[in-house]
Each structure stands twice: as structure tokens, then as C-alpha cells.
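Student: Here it is, the structure in full.
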Amino acid sequence: MKDDRIEQLLQNFNEANLQPLWTLESDIMPHKPNPKSIPFLWKWEKLYELAEEAGELITLERGGDRRAIALANPGLGGMPFATETLWMAVQWLNGKEVAPAHRHTPQAIRFIVDGAGSYSTVEGDKVYLERGDLVLNPPLLWHDHGSESEERAIWIDGLDIPLTKYLNANFFEPMHKDTQEVNTIKNYSILKYGSGTLKPAWEREKPVYPPMSTFKWVKTEQALLDLAKSGAACPHDDIAMEYINPLTGNPVMKTFSCWIQMLRPNVHTQAHREVCSTVYFVFEGSGYSVIDGIRFDWKQGDLFVVPNWKLHEHINTSNERAILFSINDRPTMELLDKYRAEKYEENGGHQIVTSVFE
Ligand code: 1HN
């Protein structure tokens, strides 16, 4: 009798668009993070081949705006997202082409694979792009890209599009012209703030976003080499550095952070897991990472994902340095007081490999 009434009650809840907690699976309150995105790797050869073909077949009309090809994590049900919070794409710009000016609320970065005479103009500040440069695009700053050479340029785009979409906070605005006016000399913000340790003495502001639009590779590489020389290293990430706003010490974006790390020859890091998701780009070298027990072999140009709370460790299998660029949503987690991390203590800090990703 009571059972019948309970049955009826559940049906009534359902019809009234209500769901009682006691019938819900642990989806609502799992004992630990249970991401839908899965550890995954995209091979550069394939990405390059398809981007090149897109370069031949797809023209950049206003509205389409960017020839960006997004990583779609197979765990995310066909969404063009690398993780639950991060977008990562490969973008191809043909020689002499223009990607027209627009602006949007998602925070964005570009990491240059091959600049080949191309530029990005961010809010009137025009910078020329070289391999290994990091270009910042804080929210709602106008930006357009173009090529002044005959050669194609290629870079990767990281944005917080999935998070912005979840929050229903997206705004997008085309400028209705191809390129912004540039009123300063080229590389203006780099010349003014690029040292990273000195600033124009008369300026007292501490802007939320870094004052320079670009971090040049020569400086980044020097910082990695110097840190290595110091003898200090992270057990989980070896020679790892975070790009920061030099005027505040904060990550370059509010919702995500950018890292560059050098794995010294034959280094094998200690596994750990964190409440944040990370997308890696292999800038240089070869090796593998073990993510949640799965071995992911990687080499230059490959991209791979470490979802939230998955154990991971990195191994450089060669006698040359390996360099990984990555973006992670740790700043969001910290801002919202959700960040945690845990070392893997068993087996000398190294996971047992249970399968190899093909
Ligand atoms: C965008 O503005 C760029 O400016 C790249 O290069 C990828 C993906 C979605 C929305 C805007 C860029 C983008 C994007």
C-alpha cells in the first residue's frame, strides 16, 4: 500500500518537473570529481593535414572570421571543447590573408607555431608573430590578424568558451571592417613593457590584464634555461613556469592560466592530480605522459588533454629537452575556492601503465 503511494509520489514529482534528492545518482554529489572529458591526444600530422586542406577550401568571410579547427573531446558528446571549461583550436592563416576584426567576452590566447610574416592587432597594438610567442586577448578587446608574407601562418587558440557558454555570458561583436587602425609603432606594448621586470616609472596602474599583448619566445626560453640553471625544479612538472601579469603577479587571464615547461632529458616526473583541467601543446621534443594509467606518446606538435582530477606524470624519453605549452583552468578553481591537489604516493610516485593510447 505504502509502496504504491511511493510509486505514485515519484510519478507525481516527475509530472511536476521535480526530482527528489534520494532518487538521484551520485552525479549530483560525487565523492570526487568525475569529469566527462577523457584523457585524449590529437596528432600534429593529422591536424596539419586537415588544416592545410581547410586553407585551400575555406575562405575567410566576415562572420566565419577564423579558420580555427577545435579539439573536440570524445567524452563531451560532440561539443567542440577540449575540456569542460577550455577551448583549444589550431588556426591556419594563408599568406596575404586577413582574419577580420571582432571582439568577444571569452578570454583568449594564441600560441604561435609558425608566424611567417603574420601579425595580430589587439586593441590597436600591432605585434608581429614569431614561433613560440604568446599573444593575449583579454575580454572585449578588438582583434584582427593578417599575413604580410606569401606564407601561411599557424597557431593554436586557447579560449574559455565552454565556461562562458555555461555561464550564458557570451557577447560577440564584429567590427564591420577588416583591420583596426594602428596608431602606435609596431610591437608598441612589447617595447614598453616587454622586459617583464622593469616598467615605465611614471605609470602607477596595476591593470587586471598584462600591459603587453605578447610574451616573446626569446625571453620565455631564456627564463626556462635560467630556471634550469638555478637547480630548482617542480617534482611534478620539472622546469615549469607560469606566464604572469608582471604588474600584479597574477595569471595572464582570470579564468585560465598559461604555462611553459621544459622537461629535461630523460626526466620522469612524479604523478599527482588536481582540481583543474589542462590542454597541452608539444612545442618541442618527444616523450610520453601517463594519464589515469594510460600511456600517451607524444612528439612535437601533438596536443593532449588531462581532465580534472586525473593522475598524470610526464616523461622525456630523449636526450634533448622537451617543451610543453599548456593552458589550465586552475585560476577559475582558485577564484571559486574549489582547487585541491593530491600527490600519488604509491609505487615511487609512478602510475602502473594499464594501456597505451593509439
Ligand atoms: C577567435 O576570435 C579567434 O581571434 C580564434 O583568433 C578562435 C573561436 C571562437 C570565437 C572566437 C581569434 C575563436 C575566436
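The values are calculated or read from the model by the stated rules, or taken from the named source; none is laboratory data. Model, not experiment: these values are computed from the prediction. Here Cβ is always computed from backbone atoms with ideal geometry, including for glycine, and neighbour counts include all displayed protein chains.
Student: Over 21 Å from the mean Cα position of the chain (by Cα) and aromatic (Phe, Trp, Tyr) - does that describe any residue in the stretch 302-322?
Tutor: no
Student: So, restricting to strands (runs of 3 or more DSSP E) that lie completely within the stretch 257-358, which ones have at least 3 residues that are modelled with pLDDT of 95 or more and surrounded by fewer than 18 Cβ atoms within 10 Å (Cβ to Cβ)?
Tutor: By residue number, 294-299, 341-343.
Student: Check Gln91, Gln8 and return the single one that is out of contact with any helix residue (DSSP H, G or I) (no Cβ under 6 Å at 6 or more places or on another chain), farther than 30 Å from Val356 by Cα and at pLDDT 95 or above.
Tutor: Gln8
Student: Please state which one of Ile156, Ile190 is farther than 22 Å from Gln91 by Cα and out of contact with any helix residue (DSSP H, G or I) (no Cβ under 9 Å at 6 or more places or on another chain).
Tutor: Result of the check over Ile156, Ile190: Ile190.
Student: Looking at Asn94, Asn14, which is the one that is surrounded by 11 or more Cβ atoms within 10 Å (Cβ to Cβ) and out of contact with any strand residue (DSSP E or B) (no Cβ under 9 Å at 6 or more places or on another chain)?
Tutor: Being surrounded by 11 or more Cβ atoms within 10 Å (Cβ to Cβ) and out of contact with any strand residue (DSSP E or B) (no Cβ under 9 Å at 6 or more places or on another chain) holds for just one of Asn94, Asn14, which is Asn14.
Student: Which of the residues belonging to the stretch 137-160 are assigned to a strand (DSSP E or B) and farther than 20 Å from Ile244 by Cα?
Tutor: Across the stretch 137-160, the qualifying residues are His143, Asp144, His145, Gly146, Ser147, Ala153, Ile154, Trp155.
Residues are listed down the side, and each one gets a yes or a no for (1) more than 16 Å from the ligand (Cβ to nearest atom); (2) in a strand (DSSP E or B):
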site: Pro30; (1), (2): yes, no
site: Asn34; (1), (2): yes, no
site: Lys46; (1), (2): yes, no
site: Asp65; (1), (2): no, no
site: Thr85; (1), (2): no, no
site: Ile109; (1), (2): no, yes
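Student: Out of Asp178, Asp160, which single residue is within 12 Å of the ligand (Cβ to nearest atom), in contact with an Asp or Glu (Cβ under 9 Å, 6 or more places away or on another chain) and touching a residue at least 24 places away in the same chain (Cβ under 8 Å)?
Tutor: Only one candidate qualifies: Asp160.
Student: Can you pull out every residue in the stretch 119-135 that is crowded, with 19+ Cβ neighbours inside 10 Å and either under 19 Å from the mean Cα position of the chain (by Cα) or within 11 Å of the ligand (Cβ to nearest atom) (or both)?
Tutor: Matches in the stretch 119-135: Ser120, Thr121, Val122, Leu129, Gly132, Asp133, Leu134, Val135.
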